[in-house]
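Laboratory data are not the source of any read-out in this text; all were calculated from the coordinates shown. As the structure is a computational prediction, the values presented were derived from the model and not from experiment. Cβ placement follows ideal geometry from the backbone for every residue including glycine, while neighbour counts extend to all protein chains displayed.
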Amino acid sequence: MSIIIDDELCTGCASCVANCPFGGIEIIDNIAVITEECTLCGACIDACPVEAITLEREEYIDKVDKTQYKGVWVIAEHYKGVIHKVAYQLLGRGRELANKLKVNLVLVLLGDRFDNLLKDFAEYGADEVIYIKSSLLKNYYSDLYVSMLAELIQERKPEIILIGATPTGRDFAPRIAKKLNAGLTADCTGLEIEEETGNLLQTRPTFGGNIMATIRTPTSRPQMATVRPGIFKAVKVSKKDIKVTKIVKDFEEKDSVTKIVKIIDKQKKKANLEDAEIIVSGGRGVGSKEKFKIVEELANVLGAELGGSRVTIELNWLDQDHQVGQTGKTVAPKLYIACGISGAIQHLVGMENSEIIVAINKDPNAPIFNVAHYGIVGDLHQVIPVLIEEIKKMKQEE
Amino acid sequence: MLIVKIFVCIKQVPGVSEVKIDPKTNTLVREGIPSIINPHDKHAIELGISIRQKYSGEVIALSMGPPQAETALREALAMGADKAYLLTDRAFAGADTLATSHTLALGIKKLLRDLKKNEDYIVICGTQAIDGDTAQVGPELAEELNIPQITYVLKFELKENNKILVERAFRSDEVVIIETKLPALISVLKELNMPRNPGVKGIVNAYSKKQVISLSAEDLGADKSEIGLNGSQTEVWRIFVPQRKGKHIKLEGTIEEMSQELCNNLREDKII
């Protein structure tokens, strides 16, 4: 695979240079030249205004017989006897993918005491549910999940496998991918089917989050993807038949290489961003941990949850559970107030579905203003105190 | 049993977690971004060193990357790692996580050849890298080495008979204490420890007394079809900077006027 530059067409405009994330292209004697740093990502191709750059790909040779692989699977996880909601969200998106491919949508569940729940997955679009039942699977065992699921996948050969990008999903998905030599894409924010090939087009923010990459597994199957909770929506469908396949196993603890010694509930009050109606978030512009108080005060006045961009967690201004964005939570409150947040894509993908977005930022060019419904250009430390007074006044009037 | 080899896998990443976009030209700003050790990986190095100090073993830092990733390994040496290996070759370029974990596994297997029967090892990774955020290489490496894995580790303890006892953070309100036997791979969270500063002596040692050994695809005996782009199942099909169109209203006037207008608008929208 290589990047080809047409010297006749190239005008030396350097659009490609500016768009390359790696410094992999330079202008020498008014012509673009590929450097050692090039990773063949293809960012320069779209950037070129005169179509002088093309990516020459080697012919795709299938590594497996792709026609043998059929169906879309969603792997569910559960916690304290409750199915994690991301499974229903993945069924929502999975249904559309399955319709497009004209294949079945299958939910796979490992656990115990879910017998009465199995038929309910029909309401969320599943055509079949495969239930691996064992009392030991009340809790999560990494190696048992991996061996059971890998075996099942090898036997039934689904073409697409969707998994929640939770600490559990991110633990077993890569290990299964390795076992099966399957392509796996983490934290997808978009999933589409490519018309001609039936490939799954997996889009995710990358390079820390300001660029989107679309990733494919063109020559092999299955195609695996993890998706953060909150990215897709669960969709109820009119009730239909569902096939239930139950596999009963009598696992004992000695069947696992790990032993669960103890499970500790942490009672610490945690931010509940996913269910919040209003979220007030701060970013780098807040300035320091101490200065976050003013943002917190605005949140308190509004009865809102407090959120933060990635950097505020990296700098330990806020605890991890306050993080909004690709590597944090995906939220969709009625009102999202972003204070001193510039608006990197990895943050935007976590909050852009909010009903109303308000941005307060010093920099009039901050990308956050592109998604904001109301923008205030100004220093948040001057704006927020005034805003707090206005809100208090308004609340008193009511 | 004796723990003799403590492998720490690290990655060199751009020193900012976000590649900046110039809003006027909508292009990437690349100048002046230094490369650093992936922040999570520093916690892995710290754990490696503390295991050696408390028990035994040598800390071996390992990285796959371009020649300039040597700097990251020097930093690991400065912190206190005993040895450092850079797996570097043009043939490794374009690797996805499957090909990356395969290359790292080849490196570890090569370095395990002199491991004796009564000796044991552990592999430590950061949970994820800040540039790719996949958190996939650790578990994939564990699978290829055919050893147990425990990810998202908050606390670590080495017990008798080379058992390890770790706290794994599954969810924000739950911690699970898990026991397994070495050899094993763990991926650590930042809350686990506080990485030490190398200090002047450490830095001097890293450049004078210790060395970074480069290993090529040939040194590892790698099959060309299993490394780099060829060994990858996924390919980057397109990279793009998304264009976003808002229905934005930029408020005007003094701070008081803007605040009032915002409150009025939010009230009309029945938000507050």
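Overview of values
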{"item": "Viscosity 1.002 mPa s, 20 °C: Kirkwood-radius Stokes-Einstein D of the stretch A:45-109 over Cα pairs, µm²/s", "result": "139 µm²/s"}
{"item": "Cα-based Rg / Dmax (Å) for the stretch B:2-226", "result": "17.4, 62"}
{"item": "Per-residue [θ]222 nm for the protein assembly as shown (sum of -39500 (n - 2.57) over DSSP H runs n ≥ 4, rounded to 500)", "result": "-7500 deg cm²/dmol"}
{"item": "10 Å binning of all Cα-Cα separations within the stretch A:278-397, expressed as whole percents from 0 upward", "result": "15, 52, 30, 3, 0"}
{"item": "Net charge, A:ALA359 excluded, C-beta distance under 12 Å - Lys, Arg +1, Asp, Glu -1", "result": "0"}
{"item": "Environment charge at A:ILE45 (Cβ cut-off 10 Å; Lys +1, Arg +1, Asp -1, Glu -1)", "result": "-1"}
{"item": "Exposure proxy order (Cβ contacts within 10 Å, fewest to most) of B:LYS270, A:LYS329", "result": "B:LYS270, A:LYS329"}
{"item": "Angle between chain B longest axis and helix B:39-54 axis [Cα atoms, degrees, rounded to 10]", "result": "30 degrees"}
{"item": "Most mobile listed residue (A:GLY350, A:GLY94, A:GLY23) in chain A, GNM with C-alpha springs under 10 Å", "result": "A:GLY23"}
{"item": "Helix axis angle, B:199-208 relative to chain B longest principal axis, alpha carbon, degrees", "result": "60 degrees"}
{"item": "Whether the stretch A:2-56 is rounded, prolate or oblate, judged on the alpha carbon gyration tensor where a/c under 1.5 counts as rounded", "result": "rounded"}
{"item": "Neighbour-count ranking [beta-carbon atoms within 10 angstrom, fewest first] of A:CYS44, B:CYS125", "result": "A:CYS44, B:CYS125"}
{"item": "Distance (nanometres) between label positions extended 7 Å along Cα→Cβ at A:ASP46 and A:ILE247", "result": "3.9 nm"}
{"item": "Average beta-carbon neighbours from other chains, 10 Å sphere, peptide A:387-394", "result": "4"}
{"item": "Hydrodynamic radius (Kirkwood) for the protein assembly as shown, which is based on Cα pairs only, to one decimal in Å", "result": "26.4 Å"}
{"item": "Kyte-Doolittle mean at least 0.0 and Cα axial length at least 18 Å: DSSP H helices in chain A", "result": "A:142-156"}
{"item": "Cβ-based net charge around A:GLN68, under 15 Å, with every Lys or Arg adding one and every Asp or Glu removing one", "result": "+2"}
{"item": "Shielding by other protein chains, B:139-151, mean Cβ within 10 Å", "result": "5"}
{"item": "Ascending count of other beta-carbon atoms within 10 Å, so fewest first, for A:PHE22, A:PHE114", "result": "A:PHE22, A:PHE114"}
{"item": "Calculated FRET efficiency for the pair A:GLU192/A:GLU59, C-beta based, R₀ 25 Å, to 0.05", "result": "0.60"}
{"item": "Inter-chain shielding of A:362-370 (mean C-beta neighbours from other protein chains, 10 Å cut-off)", "result": "3"}
{"item": "For chain A: rounded, prolate or oblate by the Cα gyration tensor [a/c cutoff 1.5]", "result": "oblate"}
{"item": "Compactness of the stretch A:1-155 as Cα Rg over 2.2 N^0.38 Å, two decimals", "result": "1.61"}
{"item": "The stretch B:84-161 - convex hull of alpha carbons, volume per residue in Å³", "result": "125 Å³"}
{"item": "Fluctuation leader among B:GLU144, B:GLU261, B:GLU191 - chain B, Gaussian network, Cα springs under 10 angstrom", "result": "B:GLU261"}
{"item": "Residue of A:TYR124, A:TYR140, A:TYR374 that the Gaussian network model of chain A assigns the largest fluctuation, springs spanning Cα pairs under 10 Å", "result": "A:TYR374"}
{"item": "Kirkwood Rh (inverse of mean 1/r, distinct Cα pairs), the stretch B:134-272, angstrom", "result": "21.9 Å"}
